[in-house]
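A quick write-up on the structure given underneath.
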Amino acid sequence: MDGIPRICFGGASNQPKFTIPVAEDNLKAGRGVDGIALVSAMWSRYCQGKTESGADVAPNDPQWDRLQETALKAADEPTAWLTELGDVYGEVGKHPEFVAAFTKWLKIIQSQGVVTAMGEYTESTRKAEASPIRTALEESTMAAAIDEAKNPGGN
């Protein structure tokens, strides 16, 4: 099983390689960034150096002191994480949609915990999957597929 410390190891150098490009692509394509902003908010919370139960998180990043200091500041001022880690977030950290999503998730994590934030995210994606527009598109696509199966090539 992959553990949280290994996943978070070297986050300051890994985020720009793996996480931030996903956010950039989604923003350019007009897709949401809620999920990737939640990942960033959880990383910020992790870098505060204590678990929700109060156990210490061992430093595991060459930039740990900087990350922890910024994460502790972001606990009260979420945008500090994005602005002070401009070398990590680049333009994504300035994009209003990402900033809003990150701020929302970090506030939920700080006040209600990671489990609640994950639950809210899961519920929001479930609602999106069941949206009337999505349902209509799926039904339309299904109807077209059935018609094609019954009458290949429209003959």
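Side notes on the structure shown:
- Cβ pairs under 6 Å, 6+ apart, first in segment 20-31 and within 20 Å of residue 86 (Cβ to Cβ), second open to solvent by less than 60 Å² (accessible area, probe 1.4 Å) and in a helix (DSSP H, G or I): 20/92; 22/36; 23/36; 23/92; 23/98; 24/92
- If you filter segment 75-92 down to residues that are within 23 Å of residue 118 (Cα to Cα) and in contact (Cβ under 8 Å) with a residue 12 or more places away in the chain, you find that the one that is most open to solvent (accessible area, probe 1.4 Å) is 79.
- Contacts under 7 angstrom Cβ, first residue in segment 106-123 being within 13 Å of residue 34 (Cβ to Cβ) and modelled with pLDDT of 95 or more, partner of a type in the set (Asp, Glu) and surrounded by 13 or more Cβ atoms within 10 Å (Cβ to Cβ), 6 or more apart: 108/120
- Output for segment 37-46, where each listed residue is open to solvent by 20 Å² or more (accessible area, probe 1.4 Å) and either in contact (Cβ under 8 Å) with a residue 60 or more places away in the chain or in a loop (DSSP other than H, G, I, E, B) (or both): 42, 45
- Filtered by the rule that a residue be within 19 Å of residue 118 (Cα to Cα) and in a helix (DSSP H, G or I), segment 23-36 gives 23, 34, 35, 36.
- Filtered by the rule that a residue be under 27 Å from residue 120 (Cβ atoms), part of a helix (DSSP H, G or I), open to solvent by less than 70 Å² (accessible area, probe 1.4 Å) and out of contact with any Leu (no Cβ under 9 Å at 6 or more places or on another chain), segment 47-74 gives 68, 71.
- Looking only at residues of segment 76-123 that are acidic (Asp, Glu) and assigned to a helix (DSSP H, G or I), we find that the one that is farthest from residue 40 (Cα to Cα) is 123.
- Members of segment 98-108 found to be under 14 Å from residue 27 (Cβ atoms) and surrounded by fewer than 16 Cβ atoms within 10 Å (Cβ to Cβ), listed by number: 100
The values are calculated or read from the model by the stated rules, or taken from the named source; none is laboratory data. Since this is a predicted model, take the numbers as computed values, not measurements. Glycine gets a Cβ as well: all are built from the backbone with ideal geometry, and neighbour counts include every protein chain shown. Remember, those area values only see protein heavy atoms, side chains included, never the ligands or the DNA or RNA. Shrake-Rupley method; radii C 1.70, N 1.55, O 1.52, S 1.80 Å.
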